[in-house]
């Protein structure tokens, strides 16, 4: 008499694998939702400790990913997004510790009011459920997404790019260690068990298992998710960001901020890609700005006016204004004041992060009010477009849409709400 053999997830076909993954995530999320804040804090702290303890193994896994990416001909900007070192690993762990110390978003009362008849209303924060994240090269996204979802009571399903597979798997081992140490099911955090591209299509259709889908990557990935997904999508569009130097800007401050905004890390979505400068100060300030950027290793591409002032720069073309370079390249466009700067941003910006450098507070306030972007800076580098810098511990992305969440998405933004209504035998006439 033959015995039946219990199938593992990897024995199933792709569709059934994904359904089993979704079932496991939903079941684990129900347990997580009922957990105390202290339990979730302990899980995050244990995960942070496990990441630190696994530093050598993680560096080894990441080195293999980087070597593979170089063999595939990936450029330096891609490698920078993929690569980990001791500082970036410590940054991941510190981010988990910071998330652990944030207030509990669950059960928070947003609004509270009473009716004249004594009925009481509370609007109370609750988890979204299961959050799926599709991302490309940056392995730290796995740690940030898993930690923020854990903090907010959500289970996660993660699908990273093949280039970061080894690094992501090692990071998630550490996070799962933290979950198990805190007495939570490992299935709170899940990774799609295959690099088959068809698995992404399966995620798009898992409306009974996934409550929110977040794409982290380039324009083509985000566009595909937004066009094909039946699951609600929180969009993270690329960052075609501008630093606008108004005629009232302090020259030294403007130069320092623009060089940092472009060159601190060129491969992040918060990097400035286009510098706008008022015509009234272009002849005076632009040569120094170009020199400082060039000295930092940046190629400068300018419009006709910019090139007439600084002949050594490259000539820009119209398509440059829509480029997310993610590299040591910046476009320079000369404008006639704040109106033209806002018009250029409206036409070419992606709603991510915009900056004005100005001493004129009235002009700065107008820019802050009128520019259409998730984050608007005044006299500060666009590189601050980061959830950690906002005090969120980390972010799951920079949301560039207008619904549900906008800007850096932290744990509190991964919640919804329901209403508690308390009566004393009230009936409706």
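The values are calculated or read from the model by the stated rules, or taken from the named source; none is laboratory data. Because the structure is predicted, anything quoted here is derived from the model rather than measured. For neighbour counting, all protein chains shown are included, and Cβ atoms are generated from backbone atoms with ideal geometry for every residue, glycine included.
Conditions: (1) modelled with pLDDT under 95; (2) surrounded by 13 or more Cβ atoms within 10 Å (Cβ to Cβ). Residue 41 meets all but one. Number of the miss?
Against the list (1) modelled with pLDDT under 95; (2) surrounded by 13 or more Cβ atoms within 10 Å (Cβ to Cβ), residue 41 comes up short only on (1).
Checking the conditions here, which among 223, 249, 254 is part of a helix (DSSP H, G or I) and assigned by TED's automatic domain parsing to the domain that holds residue 288?
So the residue among 223, 249, 254 that is part of a helix (DSSP H, G or I) and assigned by TED's automatic domain parsing to the domain that holds residue 288 is 254.
Give all pairs with beta carbons closer than 7 Å in which a residue from the stretch 40-63 that is assigned by TED's automatic domain parsing to the domain that holds residue 103 and free of Cβ contacts under 8 Å to residues at least 40 places away in the same chain meets a residue that is crowded, with 19+ Cβ neighbours inside 10 Å and in a helix (DSSP H, G or I); count only pairs at least 6 apart in sequence or on separate chains.
55/89
Collect the residues in the stretch 399-408 that are surrounded by 23 or more Cβ atoms within 10 Å (Cβ to Cβ) and farther than 13 Å from residue 233 by Cα, keeping them in residue-number order.
Taking the stretch 399-408 and keeping what is surrounded by 23 or more Cβ atoms within 10 Å (Cβ to Cβ), we get 399-400, 408.
Residue satisfying the conditions is 408 alone.
Restrict the check to the stretch 396-414 and report whether at least one residue is in a loop (DSSP other than H, G, I, E, B) and modelled with pLDDT of 95 or more.
no
On the given criteria, is residue 262 surrounded by 21 or more Cβ atoms within 10 Å (Cβ to Cβ) and assigned to a helix (DSSP H, G or I)?
Taking the combined requirement at face value, the residue satisfies it.
Take the residues in the stretch 312-336 that are in a helix (DSSP H, G or I) and in contact with a helix residue (DSSP H, G or I) (Cβ under 8 Å, 6 or more places away or on another chain); name whichever of them is surrounded by the fewest Cβ atoms within 10 Å (Cβ to Cβ).
322
Looking only at the stretch 274-285, which residues are surrounded by 15 or more Cβ atoms within 10 Å (Cβ to Cβ), part of a helix (DSSP H, G or I) and in contact with a strand residue (DSSP E or B) (Cβ under 6 Å, 6 or more places away or on another chain)?
282, the sole residue that qualifies.
Does at least one position in the stretch 7-15 carry a residue that is farther than 22 Å from residue 197 by Cβ, at pLDDT below 95 and surrounded by fewer than 19 Cβ atoms within 10 Å (Cβ to Cβ)?
Within the stretch 7-15, the first condition is being farther than 22 Å from residue 197 by Cβ, and the residues that meet it are 7-8.
Next, only the ones that are at pLDDT below 95 stay: 7-8.
Okay, now just the ones that are also surrounded by fewer than 19 Cβ atoms within 10 Å (Cβ to Cβ), so 7-8.
Yes, the stretch 7-15 has at least one match.
Can you find, within the stretch 337-349, the residue that is nearest to residue 280 (Cα to Cα) among those that are surrounded by fewer than 22 Cβ atoms within 10 Å (Cβ to Cβ) and in contact (Cβ under 8 Å) with a residue 60 or more places away in the chain?
The selected residue is 337.
Mind checking which residues of the stretch 299-311 are surrounded by fewer than 18 Cβ atoms within 10 Å (Cβ to Cβ) and not in a helix (DSSP H, G or I)?
299, 311
Quick test for you: out of 21, 84, pick the one residue that is at negative phi, crowded, with 19+ Cβ neighbours inside 10 Å, touching a residue at least 24 places away in the same chain (Cβ under 8 Å) and not in a helix (DSSP H, G or I).
84
For the structure I just gave you, tell me whether residue 267 is touching a residue at least 12 places away in the same chain (Cβ under 8 Å) and within 21 Å of residue 239 (Cβ to Cβ).
yes
Tell me, which residue of the stretch 199-220 that is assigned to a loop (DSSP other than H, G, I, E, B) and within 16 Å of the chain's Cα centre (by Cα) is nearest to residue 141 (Cα to Cα)?
Selected residue: 217.
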